[in-house]
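The values are calculated or read from the model by the stated rules, or taken from the named source; none is laboratory data. Since the model is a prediction, treat every value here as computed from it, not as a measurement. Neighbour counts are summed over all protein chains in view; Cβ atoms, including those assigned to glycine, are modelled from backbone coordinates with ideal geometry. When the accessible area is computed, the model is the full protein with side chains, heavy atoms only, and any ligands, DNA or RNA have been set aside. Shrake-Rupley method; radii C 1.70, N 1.55, O 1.52, S 1.80 Å.
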Amino acid sequence: DSGVTQTPKHLITATGQRVTLRCSPRSGDLSVYWYQQSLDQGLQFLIQYYNGEERAKGNILERFSAQQFPDLHSELNLSSLELGDSALYFCASSVELGQTDTQYFGPGTRLTVL
Amino acid sequence: GQQVMQIPQYQHVQEGEDFTTYCNSSTTLSNIQWYKQRPGGHPVFLIQLVKSGEVKKQKRLTFQFGEAKKNSSLHITATQTTDVGTYFCAGPKSGNTPLVFGKGTRLSVIA
């Protein structure tokens, strides 16, 4: 158990819909990262937050947005969903935002768009 | 932009055989991290290498960081079925930016 929690574990929805994925980082971790993992694909970095502020953006679509709240939990919002958005979405956390920080991954949310 | 390439993409070995995965970066890395993802699981941190030419061992796993800090390898001696999974290397892009993950090497071990 990494100490990072993600809800829900599974999500099935239809095209055009909007969903929210939630992540609670490890106690004491200030950085939260979101990744997308499609079938047989690596980990695509989406976005990073540090202590409530956006710090880095990866290949995140405009239909996707995220935020980190004062209690440090984070939410990833996916809207106007398309079939291609079906994937595993991982949240990870680290203590700081340094290059040497280890990232601790949550169990992931599997999103299926029908 | 910076890329982290991993080869091979897949590797099937007989139990007891050795396994090696290679990671190459287009730029010099300040450090490199390795993660393992079991089937159906999430990536789990294995190790971090920081120094040029560094070699670290964890039981049957040997990790190396190249002299130029642009490549790294993970070698598993005498694979076991518990080694099954995808192994990712990851390095920071630049400055205080998040890690860039390679696409991973999926290891299958045939008993």
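Answer with yes or no whether B:Y35 is of a type in the set (F, W, Y), open to solvent by less than 40 Å² (accessible area, probe 1.4 Å), at negative phi and assigned to a strand (DSSP E or B).
Numbers: of a type in the set (F, W, Y): yes; open to solvent by less than 40 Å² (accessible area, probe 1.4 Å): yes; at negative phi: yes; assigned to a strand (DSSP E or B): yes.
Yes: the conditions hold for B:Y35.
What number of residues in the range A:9-36 are over 19 Å from A:S80 (Cα atoms) and of a type outside the set (D, E)? Walk me through it before giving the result.
Taking the range A:9-36 as the starting set, the residues that turn out to be over 19 Å from A:S80 (Cα atoms) are A:9, A:23-33.
After this cut, where a residue has to be of a type outside the set (D, E) as well, the list is A:9, A:23-28, A:30-33.
So the count comes out to 11.
Considering the range B:73-89 alone, what residues qualify as being out of contact with any Lys or Arg (no Cβ under 8 Å at 6 or more places or on another chain) and within 19 Å of B:I32 (Cα to Cα)?
Listed by number, the residues that qualify are B:S73, B:L74, B:H75, B:C89.
Okay, residues lined up against (1) under 30 Å from B:R106 (Cβ atoms); (2) without any contact (Cβ under 8 Å) to a residue 12 or more places away in the chain; (3) of a type outside the set (G, A, S):
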site: A:R63; (1), (2), (3): yes, no, yes
site: A:Q67; (1), (2), (3): no, no, yes
site: A:E75; (1), (2), (3): no, no, yes
site: A:C91; (1), (2), (3): yes, no, yes
site: A:T102; (1), (2), (3): yes, yes, yes
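For the range B:15-26, give me each residue that is more than 23 Å from B:I110 (Cβ to Cβ) and open to solvent by less than 60 Å² (accessible area, probe 1.4 Å).
Quick first cut of the range B:15-26, residues more than 23 Å from B:I110 (Cβ to Cβ) only: B:23-26.
Within the range B:15-26, B:C23, B:S25 qualify.
Kindly establish whether B:L29 is among the aliphatic types (A, V, I, L, M), at negative phi, in a loop (DSSP other than H, G, I, E, B) and open to solvent by less than 40 Å² (accessible area, probe 1.4 Å). Break it down into steps so the answer makes sense when it comes.
On the way: among the aliphatic types (A, V, I, L, M): yes; at negative phi: yes; in a loop (DSSP other than H, G, I, E, B): yes; open to solvent by less than 40 Å² (accessible area, probe 1.4 Å): yes.
So B:L29 fits the description; yes.
Quickly run through the range A:70-114 and pick out the residues that are aliphatic (A, V, I, L, M), under 17 Å from B:L99 (Cβ atoms) and open to solvent by 10 Å² or more (accessible area, probe 1.4 Å). Can you show your working first?
Here is the first cut: in the range A:70-114, the residues aliphatic (A, V, I, L, M) are A:72, A:76, A:78, A:81, A:83, A:87-88, A:92, A:95, A:97, A:111, A:113-114.
Checking the rest, the ones that are also under 17 Å from B:L99 (Cβ atoms) come to A:92, A:95, A:97.
Answer for the range A:70-114, where residues must be aliphatic (A, V, I, L, M), under 17 Å from B:L99 (Cβ atoms) and open to solvent by 10 Å² or more (accessible area, probe 1.4 Å): A:V95, A:L97.
Look through the range A:1-34, keep the residues that are open to solvent by 70 Å² or more (accessible area, probe 1.4 Å) and farther than 21 Å from A:T112 by Cβ, and return whichever of them is nearest to the other protein chains (Cβ to nearest Cβ).
Of the range A:1-34, the ones open to solvent by 70 Å² or more (accessible area, probe 1.4 Å) are A:1, A:5, A:7, A:9-10, A:12, A:15, A:17-18, A:22, A:27.
Cutting the leftovers down to farther than 21 Å from A:T112 by Cβ gives us A:1, A:27.
Details: A:D1: 10, A:S27: 17 Å.
Within the range A:1-34, the match that is nearest to the other protein chains (Cβ to nearest Cβ) is A:D1.
What's the number of the only condition in (1) touching a residue at least 12 places away in the same chain (Cβ under 8 Å); (2) assigned to a loop (DSSP other than H, G, I, E, B) that B:G40 fails to meet?
Unmet for B:G40, out of (1) touching a residue at least 12 places away in the same chain (Cβ under 8 Å); (2) assigned to a loop (DSSP other than H, G, I, E, B): (1).
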